[in-house]
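A short worksheet on the structure shown next.
The values are calculated or read from the model by the stated rules, or taken from the named source; none is laboratory data. Everything numeric in this text was worked out from a predicted model, so none of it was measured. A quick note on method: Cβ atoms are made from the backbone with ideal geometry, for glycine too, and the neighbour counts reach across all protein chains shown.
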Amino acid sequence: MKKDRGDIELAGVCKSFDGVTNVVDGVNLRIADGAYCCFIGPSGCGKTTILRMIAGHEDPTAGEIVIGGQNVVGLAPVQRRTAMMFQSYALFPHLTVRENIAFALRVRGQSKADRLRAADAMIEKVRLTQFADRLPAQLSGGQQQRVALARAAITEPRVLLLDEPLSALDEQLRVQMRQELRRMQQELGITFIHVTHTQIEAIALADLVVVMEQGKIKQAGPARDVYAHPHDRYVAEFMGGQNVLSGRVEKVNGASFVLAQAAPSGIEVPLQARSTVSVGDRVDIAVRRDDVALVRPGRDLPPGCTTSLPSRVLAIEYQGYFVKVMLDTVPDDEFVAYVPEKTFFADPFTVGDVVMATWATGSALPLA
Amino acid sequence: MQPSQNPSRANLAGWLYVSPLVLVLVPFFVAPILVVLAASFFATDGFGGLTPGFTLASYFEVLHSALTLKLYLATIKFTVLTWAFTLIIGFFVAYFLVFHVRNQLLAIGLFLLCTVPFWTSNIIRMISWIPLLGKEGLINQALLATGVIRQPLEVLLFSDLAVVIAYVHQLTIFMIVPIFNSMARIDKKLIEAAIDAGASRFDIMRLIVVPMSKSGIALGTIFVVSIVMGDFFVVKVMSGGGSASVVSAFYEDVGVLQYPTAAASAVLLTLVLVAIISLILRTVDIRQEITR
């Protein structure tokens with residue numbers, strides 16, 4: 001059987017519910033066939049609306065949605081060959097697990113024997129065989145989630161859309177079901193589009209992470225790109241793991257520039273992707289929290305470090321394999337160092353200590 | 001709370017919780033039923049006087065009368081017709097209000113509009129059919145004027161048709177309310193999930209909405225069936241005396257002071273109704289559906 005392509009292209013997609021404000025505002029995006037794509041952003045950023053437009057539950061006000069080379073705007077979900085897994089699952093409460101999963105085949109007019117056989121095969125795939133005759137209310141959250149996944153996957157869609165699929169689960173289960181989603185996606189070999197507001201979930205799962213804010217895409221790319229090389233302050237802060245500092249450019253010298261700060265030395269930043277910076281510009285930079293080293297005043301800085309900012313320790317949180325040290329380095333923003341556990345306890349700090357926060361010059365990243 | 005610590009106090013609290021209901025049910029429901037039950041076993045002197053005792057004569061009389069069966073058949077006919085029409089109308093009105101009126105305020109407004117006929121009395125509502133259905137009524141005049149008929153239709157008023165129309169008019173709201181209630185609790189996401197799976201509008205109604213409105217349909221059915229089976233007034237007025245029902249027969253009995261026979265008929269009807277209602281409850285677990 002020839003598998004249909006499930007690549008998606010969004011071209012200038014806009015959606016407005018009231019005719020005044022665009023909830024989704026001119027989104028352009030290309031998602032490869034068989035990719036696992038995560039849309040991430042705060043609530044109200046339009047990510048769920050995009051998902052619902054791809055699913056066919058909402059029509060875009062403007063723009064085109066192309067799936068497998070075919071413009072699907074105006075088509076019903078069945079014609080698009082998409083399937084959606086709803087937030088809190090929307091399982092039919094009066095139908096058993098087997099009937100829930102077989103529902104789509106039933107309304108497609110498949111014979112009872114055929115559809116129950118197909119449903120049972122799918123039930124086995126999601127490891128629910130012993131629960132096949134139960135009602136959804138008699139299942140745990142994780143089991144319900146698997147039913148929802150099986151119900152969506154049984155029609156062999158070319159795109160599976162998941163609306164915050166893990167948000168109803170507790171932490172431990174979430175990690176477990178995350179794996180299950182990824183496994184199913186690889187097994188089915190179809191495009192998954194997953195909406196979430198949890199950063200870890202997005203970067204753990206996705207081939208393509210799409211960060212959104214107020215109806216616009218802020219950055220789209222592989223998980224590592226988005227996490228390690230955020231384009232701007234918003235993405236850096238939203239994805240987390242970064243300290244964002246800002247200041248005026250004091251001088252530009254060749255491949256780097258110096259950012260004026262409270263620190264006597266200023267902060268040296270490599271230009272990297274940013275090609276033009278002139279003296280006087282206000283620039284944001286990001287430094288990964290795990291790149292920050294803490295040195296007691298008067299001691300030598302580690303090699304490669306030119307910047308050191310005197311800071312006071314505000315709070316310390318033990319996180320297991322690292323220690324989270326919160327500092328008052330930057331007046332208004334939070335500044336955090338993730339110190340490896342062993343390093344920290346070799347010479348532990350206490351709250352109120354003055355330390356020098358430093359990092360290798362090359363690890364500072366100028367933001368747009 | 002730990003009931004084991006002080007069982008008598010917990011018991012007292014339990015009784016206090018149910019006391020309001022008991023205070024209402026005992027004098028207004030249990031006591032009258034017991035009085036009727038007792039009266040059905042009494043003998044009568046034929047002039048309204050009752051002789052306490054135990055005789056099955058009244059039951060024997062009621063069960064051996066050919067009229068009883070005829071009346072039950074007539075009543076069941078009215079009940080089934082009324083139930084069918086109120087169910088169809090009630091279901092679709094509720095369906096429209098819940099799934100097609102997007103604005104919730106408007107839906108509640110329209111819902112209240114359904115109750116407007118109840119701002120006036122039962123009798124007025126029945127009488128108001130006369131100008132419409134009567135011999136000189138609007139319908140007959142319209143049909144005569146358009147030449148569809150030459151003689152006014154007599155069947156419209158003071159007939160079984162008129163009885164059913166009046167019942168449907170009065171009782172549809174008793175279907176709408178519980179069905180509306182159970183439909184309103186259906187998560188709209190379920191409908192969307194069904195659409196996503198490729199279900200047609202008819203599939204959604206058949207496979208999702210109807211099964212999930214079962215408790216409302218059962219409740220409405222109980223209301224309509226028990227009201228129609230326990231009514232004589234509408235039959236009397238709207239049939240023009242041409243038809244009778246079970247209750248109208250024992251109303252006549254009371255009129256001629258045959259209290260024990262009337263009481264026996266009442267007990268019999270109660271038993272029939274209890275049987276019908278338990279049958280409904282057996283098909284639909286209302287308690288489970290409501291607490292779902």
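The table for this structure:
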{"item": "Residue under evaluation A:Ala148, criteria (1) farther than 30 Å from B:Val284 by Cα; (2) within 12 Å of another protein chain (Cβ to nearest Cβ); (3) aliphatic (A, V, I, L, M), criterion not met", "result": "(1)"}
{"item": "Selection from the range B:105-119 of residues that are without any contact (Cβ under 8 Å) to a residue 24 or more places away in the chain and surrounded by 11 or more Cβ atoms within 10 Å (Cβ to Cβ)", "result": "B:Leu106, B:Ala107, B:Ile108, B:Gly109, B:Leu110"}
{"item": "Checking B:Ala184 against (1) closer than 30 Å to B:Thr270 by Cα; (2) away from chain A (no Cβ under 14 Å), the condition it does not meet", "result": "(1)"}
{"item": "Residues of the range A:223-234 classified as surrounded by fewer than 24 Cβ atoms within 10 Å (Cβ to Cβ) and either under 19 Å from A:Asp25 (Cα atoms) or more than 10 Å from the chain's Cα centre (by Cα) (or both), total", "result": "8"}
{"item": "Test: residue in the range B:186-208 that is assigned to a helix (DSSP H, G or I), under 30 Å from B:Ala162 (Cα atoms) and not aliphatic (A, V, I, L, M)", "result": "no"}
{"item": "Any hit, the range B:19-32, residues being closer than 25 Å to B:Val228 by Cα and either charged (D, E, K, R) or over 32 Å from the mean Cα position of the chain (by Cα) (or both)", "result": "no"}
{"item": "Strands (runs of 3 or more DSSP E) lying entirely in the range A:250-347 (those with 3 or more residues that are within 25 Å of A:Met239 (Cβ to Cβ) and not polar (S, T, N, Q))", "result": "A:267-270, A:282-288, A:305-318, A:322-327, A:335-340"}
{"item": "Extreme residue, nearest to B:Leu113 (Cα to Cα), among residues of the range B:84-100 that are surrounded by fewer than 20 Cβ atoms within 10 Å (Cβ to Cβ) and of a type outside the set (Val, Ile, Thr)", "result": "B:Phe96"}
{"item": "Subset of the range A:75-85 (residues that are assigned to a helix (DSSP H, G or I) and more than 8 Å from chain B (Cβ to nearest Cβ))", "result": "A:Gln79, A:Arg80"}
{"item": "Matching residues in the range B:212-260 - criterion: being over 14 Å from B:Val163 (Cα atoms), of a type in the set (Ser, Thr, Tyr) and in contact with a helix residue (DSSP H, G or I) (Cβ under 7 Å, 6 or more places away or on another chain)", "result": "B:Ser213, B:Ser215, B:Thr221, B:Ser226, B:Tyr259"}
{"item": "Filter result (over 15 Å from A:Asn243 (Cβ atoms) and of a type in the set (Phe, Trp, Tyr)) within the range A:323-368", "result": "A:Phe344, A:Phe345, A:Phe349"}
{"item": "Residue match in the range A:241-262 (condition: more than 30 Å from A:Gly44 (Cα to Cα) and among the basic types (Lys, Arg))", "result": "yes"}
{"item": "Search result, residues across the range B:192-238 that are surrounded by 21 or more Cβ atoms within 10 Å (Cβ to Cβ), polar (S, T, N, Q) and away from chain A (no Cβ under 14 Å)", "result": "B:Thr221"}
{"item": "Of all residues in the range A:86-122 being more than 9 Å from chain B (Cβ to nearest Cβ) and under 31 Å from the mean Cα position of the chain (by Cα), the one that is surrounded by the most Cβ atoms within 10 Å (Cβ to Cβ)", "result": "A:Ile101"}
{"item": "Subset of the range A:54-74 (residues that are assigned to a loop (DSSP other than H, G, I, E, B), more than 12 Å from every other protein chain (Cβ to nearest Cβ) and not polar (S, T, N, Q))", "result": "A:Asp59, A:Pro60, A:Gly68, A:Gly69, A:Val72, A:Val73, A:Gly74"}
{"item": "Residue in the range B:239-261 that is surrounded by fewer than 21 Cβ atoms within 10 Å (Cβ to Cβ), among the aliphatic types (A, V, I, L, M) and either within 14 Å of another protein chain (Cβ to nearest Cβ) or farther than 28 Å from B:Gly48 by Cβ (or both) present", "result": "no"}
{"item": "Candidate set: the range A:13-31, residues that are aliphatic (A, V, I, L, M) and in contact (Cβ under 8 Å) with a residue 60 or more places away in the chain; chosen: the one farthest from A:Phe192 (Cα to Cα)", "result": "A:Val23"}
{"item": "Sole exception among (1) under 20 Å from A:Cys45 (Cα atoms); (2) in contact (Cβ under 8 Å) with a residue 60 or more places away in the chain for A:Gln219, by number", "result": "(2)"}
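Residues checked against (1) closer than 25 Å to A:Arg248 by Cβ; (2) surrounded by 13 or more Cβ atoms within 10 Å (Cβ to Cβ); (3) assigned by TED's automatic domain parsing to the domain that holds A:Gln219:
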position	(1), (2), (3)
A:Arg296	no, no, no
A:Leu309	yes, yes, no
A:Thr329	yes, yes, no
A:Phe344	no, yes, no
